[in-house]
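The values are calculated or read from the model by the stated rules, or taken from the named source; none is laboratory data. These figures come from a predicted structure and were not determined experimentally. Heads up, the Cβs are rebuilt from the backbone with ideal geometry, glycines too, and the neighbour counts pull from every protein chain shown. Heavy atoms of the whole protein, side chains included, go into the accessibility calculation; ligands, DNA and RNA do not. Shrake-Rupley method; radii C 1.70, N 1.55, O 1.52, S 1.80 Å.
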Amino acid sequence: MTSPLRVLRRIAADRTPAPRAGERCEMCADPLGDRHQHVVNVEGRQLMCVCRGCYLLFTDSSAALRYRAVPDRYLSFPDFTIAQAEWDALDIPVGLAFFFVNSALDRTVAFYPGPAGATESELSLQSWRDLLAAHPELDVIVPDVEALMIRVPARGTAHAACLLLPIDTCYEFVGRMRMLWRGFDGGQDVHRYLDEFFTEVSARARPGGAA
């Protein structure tokens, strides 16, 4: 079975800007415009560019489907806090990671950026369960198609932030970080992009728990 890390690296490395008008849906070959949607191949973890009609075929999250439509849901958690001990228990060596449920593996997978690209963390399942038990508002991820991104800045966990994002947004983020990364800590361009990214996606997000 292809590992989640290998698939993520391939997707991150191969990500290109949104297709130009005239490119084709990867399912039915209908033309795609500049803006389009995505589905995830659950077993292979491939992200596919699709037209609106094909996208709608895979929006039933309760059905046993090979493909899953990636929703356009952005949530923020304004009251989110995390203790240093909780973050340390996740064994993430940097101050940023995203977490998604891989239904094919039946577990939560964590990735964080680094000089070599995206790195998979050996996430303790018990530590993740403990985190969700302490923060039940975060237990809203749709498997395979959404992720929780947690950022702990250098100022410490008191300034941590958490967002729920579509998985394609996370892949695009990882690809961009990989392109910009310089040196050991990423360099100024990475830190600038990270701030800009969080500002942009936070502006799109509605508070978690809102109707």
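Only one residue in PRO166, PRO136 is touching a residue at least 40 places away in the same chain (Cβ under 8 Å) and either open to solvent by 20 Å² or more (accessible area, probe 1.4 Å) or under 15 Å from the mean Cα position of the chain (by Cα) (or both), so which one is that?
PRO166
Could you please find all residues in the stretch 45-65 being touching a helix residue (DSSP H, G or I) at 6+ places or on another chain (Cβ under 8 Å) and open to solvent by 20 Å² or more (accessible area, probe 1.4 Å)?
GLN46, LEU47
Pick from the stretch 139-162 the residues that are assigned to a loop (DSSP other than H, G, I, E, B), crowded, with 20+ Cβ neighbours inside 10 Å and β-branched (Val, Ile, Thr): which of them is farthest from the chain's Cα centre (by Cα)?
Going through the qualifying residues, I end up with VAL152.
Taking only pairs six or more apart or across chains, which ones have beta-carbon atoms under 6 Å, a first residue in the stretch 70-87 that is under 30 Å from LEU56 (Cβ atoms), and a second residue that is open to solvent by less than 80 Å² (accessible area, probe 1.4 Å) and assigned to a loop (DSSP other than H, G, I, E, B)?
Matching pairs, first to second residue: VAL70/VAL145; TYR74/ALA205; LEU75/ALA205; LEU75/GLY208; SER76/ALA205; PHE77/GLY208.
Listed here are the residues, each with its yes/no results for (1) out of contact with any strand residue (DSSP E or B) (no Cβ under 7 Å at 6 or more places or on another chain); (2) farther than 20 Å from TYR74 by Cβ; (3) in contact (Cβ under 8 Å) with a residue 12 or more places away in the chain.
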site	(1), (2), (3)
THR119	no, yes, yes
VAL142	yes, no, yes
ALA203	yes, no, no
ARG206	no, no, yes
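Going through the stretch 85-101 one residue at a time, which ones are within 23 Å of ALA118 (Cα to Cα) and either aromatic (Phe, Trp, Tyr) or surrounded by fewer than 15 Cβ atoms within 10 Å (Cβ to Cβ) (or both)?
Scanning the stretch 85-101 gives TRP87, ASP88, ASP91, PRO93, VAL94, PHE98, PHE99, PHE100.
Condition (residue is within 24 Å of VAL70 (Cα to Cα), charged (D, E, K, R), open to solvent by 20 Å² or more (accessible area, probe 1.4 Å) and modelled with pLDDT of 85 or more) applied to the stretch 187-195: is it met by at least one residue?
Taking every residue of the stretch 187-195 in turn, none turns out to be within 24 Å of VAL70 (Cα to Cα), charged (D, E, K, R), open to solvent by 20 Å² or more (accessible area, probe 1.4 Å) and modelled with pLDDT of 85 or more.
Quick check on my filter: what residues within the stretch 102-120 are more than 20 Å from PRO166 (Cα to Cα) and surrounded by 14 or more Cβ atoms within 10 Å (Cβ to Cβ)?
The answer is GLY114, and nothing else.
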